[in-house]
1. What pairs come up if the first residue lies in region 568-588 and is on the phi > 0 side of the Ramachandran plot, the second is of a type in the set (A, V, I, L, M) and assigned to a loop (DSSP other than H, G, I, E, B), and their beta carbons are under 9 Å apart, counting only those six or more places apart or on different chains?
2. Taking the options Tyr202, Tyr155, name whichever one is out of contact with any Ser or Thr (no Cβ under 8 Å at 6 or more places or on another chain) and aromatic (Phe, Trp, Tyr).
3. Given the conditions (1) under 24 Å from the mean Cα position of the chain (by Cα); (2) crowded, with 16+ Cβ neighbours inside 10 Å, and given that Ile402 satisfies all but one, which numbered condition is not satisfied?
4. From the list Leu333, Leu360, Leu375, which one is outside the structural domain of Tyr237 (by TED's automatic domain parsing) and surrounded by 19 or more Cβ atoms within 10 Å (Cβ to Cβ)?
5. Which pairs do you get when a residue that is without any contact (Cβ under 8 Å) to a residue 24 or more places away in the chain, found in region 152-180, comes within reach of a residue that is small (Gly, Ala, Ser), reach meaning Cβ atoms under 9 angstrom, with the pair 6+ apart or on two chains?
6. Please work out if Glu332 is within 21 Å of Tyr237 (Cα to Cα), at pLDDT 95 or above and touching a Phe, Trp or Tyr at 6+ places or on another chain (Cβ under 8 Å).
7. Can you list the strands (runs of 3 or more DSSP E) lying wholly within region 383-469 that have 2 or more residues being more than 30 Å from Asn587 (Cα to Cα), among the hydrophobic types (A, V, I, L, M, F, W, C) and modelled with pLDDT of 90 or more?
8. Check whether at least one residue in region 40-49 is of a type in the set (A, V, I, L, M, F, W, C) and buried (at least 22 other Cβ atoms within 10 Å of the Cβ), and report yes or no.
Amino acid sequence: MFMAVPTTLLRERFGFDAFRPGQEAVIDCLLDGRSAGAIFPTGSGKSLCYQLPSLLLPGLTLVISPLLALMKDQIDSLRAKGIQAERLDSSLEEDDYRRVTDDIRAGKVKLLFVAPERLSNERFLNLIRGQTISLLAVDEAHCISAWGHNFRPDYLKLADAARALKVERVLALTATATPQVAADMAMAFDIVPQDMTNTGFYRANLELRVTACRDAERPALLIEGIKARPAGATIVYVSLQRHAEDVAEQLRAAGFNAAAYHAGMASEKRVATQEAFMEGRTPIICATIAFGMGIDKSDIRYIYHYHMAKGYESYMQEIGRAGRDGAPSVCELFACPDDATTLENFVYGDTPDAMSLRGLLDELLCSGEEIDIALYDLSKRFDMRQLVVSTLLTRLELTGVIRSVGHYYGSIRFAPKHDGRTLLSQYPDNQAAFLKKIFTCCSKAKKWITLDMEQAEAATGQGRSVILRALESMEQKGHAELQLAGYRQRFERLQSAPDVDALTEEMAASFEVHEQMEIERIHRMLDYARGERCLTGNLLDYFGETIEDCGHCSICQGEAPGELPARKRADIDAGDLSGFEALVESNPTALGRPRQQARFLCGLSSPAVSAVRGLRGNLLFGRCAEVPFAEVLASRS
């Protein structure tokens with residue numbers, strides 16, 4: 001049916017004469033109506049596998065990405081090719097949001113990019129329900145696997161969402177998947193083994209290097225390395241935001257044109273920094289690990305890991321941003337064991353303490369069969385990051401304790417642009433009568449009218465989705481401004497008398513297993529840095545790919561691995577903690593428990609600490625950042 005058409009489109013719309021390895025097999029599979037998996041190295045053309053089919057398939061192609069804010073380049077590129085691509089996220093201005101939603105309803109959008117949590121959004125589901133979704137493309141699909149390095153609970157719900165929306169086919173995409181993770185992806189999205197295309201991870205143009213060093217030696221090593229090599233686009237990866245600023249300043253002082261990039265910068269500055277790098281005006285970026293995701297720059301010549309990557313998966317993804325044009329590129333890791341302390345502390349800091357875990361489970365499971373929660377509220381009250389709370393809820397679902405029954409907004413209000421009579425006159429009699437019933441269930445302030453949804457359901461005899469669509473119609477027609485807030489989730493308790501003690505132990509054990517997996521990833525990077533075998537082969541073994549010695553890494557070039565210096569062990573008693581007990585006493589909610597105190601002293605923020613104005617700015621925050629978390633925790637217990 002589609003014979004020869006993809007090749008024509010490839011040339012005429014995308015400007016390529018031939019497919020890259022794996023692309024044609026994946027596209028043919030999708031056009032034949034089957035779901036597919038694409039495990040390609042970073043920069044090997046995964047996005048074409050959904051971009052091209054979107055032009056041949058009817059209806060909408062929905063692209064799920066956890067990196068939505070970084071998709072600007074891809075969307076701009078698609079529009080330049082005449083492909084109607086849009087994104088929906090919280091950063092859109094109201095006018096842009098209305099324009100995009102109107103275009104979706106009108107069937108004008110071919111590619112729509114959304115974050116995974118959007119498929120749990122009541123308003124969004126109302127928008128796309130009934131639309132023909134020919135293809136659901138799931139980027140970073142390794143996030144669905146609990147064995148993966150970046151497990152995200154929202155991903156586990158994507159398969160159910162695809163079935164509920166009657167998606168015709170799914171494309172699961174990733175650049176980093178071990179055999180176990182690939183199997184999880186295939187199982188979740190009903191992809192048969194022969195439709196999982198893995199092109200291998202080997203990149204012959206990447207020269208991998210490891211330089212053993214002490215922390216104090218890194219600035220000079222970086223400056224010497226940049227000076228000794230031909231100029232070229234460079235990313236220097238660091239662990240923390242302050243490191244990005246410090247390293248950029250050191251490079252500028254040495255005469256290089258360098259800039260920092262991290263999440264703590266104002267949005268406008270981040271965008272300007274990214275554009276300057278893309279255009280070659282700023283050749284060196286010192287960045288935390290988010291930089292580079294979703295950025296299509298083919299001529300990055302150098303990747304320096306100023307600090308150690310947190311695991312093989314992260315390292316493979318980050319070095320994969322170099323040399324996408326096929327030209328030789330150097331990826332150098334400064335191997336300093338001191339980095340393990342910072343990386344481990346982040347892992348330990350996310351594990352909830354037993355009291356928080358028990359308190360949250362008590363509240364969820366001992367207050368009736370219907371569970372109605374706000375994630376932000378639970379996160380703040382039980383001092384767990386929202387991702388940790390989401391993971392806990394997902395694990396309770398997977399063990400059959402609770403079941404999700406929907407998501408909704410607790411606050412719905414609108415501001416009419418006309419008086420009631422004029423507004424209702426814009427509708428046929430039956431619709432006007434329905435809106436009039438809704439208006440009787442509202443309370444009016446100066447500008448905003450707030451709806452009592454339960455009262456409206458009783459008055460109209462209709463469900464939330466029908467009422468919400470009626471209000472959205474007013475917004476679409478320009479008759480009112482609509483605001484939805486207070487995002488809440490509903491669950492049903494499936495067990496009449498759950499054993500909370502046993503569940504607390506089970507959930508605590510699952511968090512500990514995850515914690516140990518992440519710690520092992522960190523230690524594996526240390527083993528990589530001290531290993532004596534081919535660096536490329538060592539890395540590829542982990543992903544189930546075997547090669548002969550690559551011949552172009554530092555080991556294969558005859559450079560013996562440097563001996564890693566001993567890991568620095570800061571003494572907790574060496575730091576001045578005077579005043580900390582008084583700080584704990586005055587902030588019992590944020591610092592009352594040992595794990596909370598350990599997180600604070602290690603410089604790890606938490607919802608409870610963030611809620612207290614000025615607490616993160618206290619001089620004691622991060623005072624023990626170089627001390628292993630376990631030692632700090634033991635000292636507070």
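The values are calculated or read from the model by the stated rules, or taken from the named source; none is laboratory data. Just so we're clear, the structure is a prediction, and the values are computed from it rather than from any experiment. Cβ sites come from the backbone with ideal geometry, for glycine too, and all protein chains shown count toward neighbours.
1. These pairs meet every condition: Gly579/Leu619; Gly579/Leu620.
2. Numbers: Tyr202 fails: out of contact with any Ser or Thr (no Cβ under 8 Å at 6 or more places or on another chain).
The unique qualifying residue is Tyr155.
3. Going through (1) under 24 Å from the mean Cα position of the chain (by Cα); (2) crowded, with 16+ Cβ neighbours inside 10 Å one by one, Ile402 breaks only (1).
4. Details: Leu333 fails: outside the structural domain of Tyr237 (by TED's automatic domain parsing); Leu375 fails: surrounded by 19 or more Cβ atoms within 10 Å (Cβ to Cβ).
Residue meeting the stated conditions: Leu360.
5. Going by the 9 Å Cβ cut-off, the qualifying pairs are Asp160/Ser404.
6. Working: within 21 Å of Tyr237 (Cα to Cα): yes; at pLDDT 95 or above: yes; touching a Phe, Trp or Tyr at 6+ places or on another chain (Cβ under 8 Å): yes.
Judged against the criteria, Glu332 is a match.
7. On the way: elements: 402-416, 442-444, 449-451.
Strands (runs of 3 or more DSSP E) meeting the threshold: 402-416, 449-451.
8. The initial filter retains those residues of region 40-49 that are of a type in the set (A, V, I, L, M, F, W, C), namely 40, 48-49.
When the remaining residues are screened for being buried (at least 22 other Cβ atoms within 10 Å of the Cβ), the result is 40, 49.
Checked against the condition, which is being of a type in the set (A, V, I, L, M, F, W, C) and buried (at least 22 other Cβ atoms within 10 Å of the Cβ), region 40-49 yields at least one hit.
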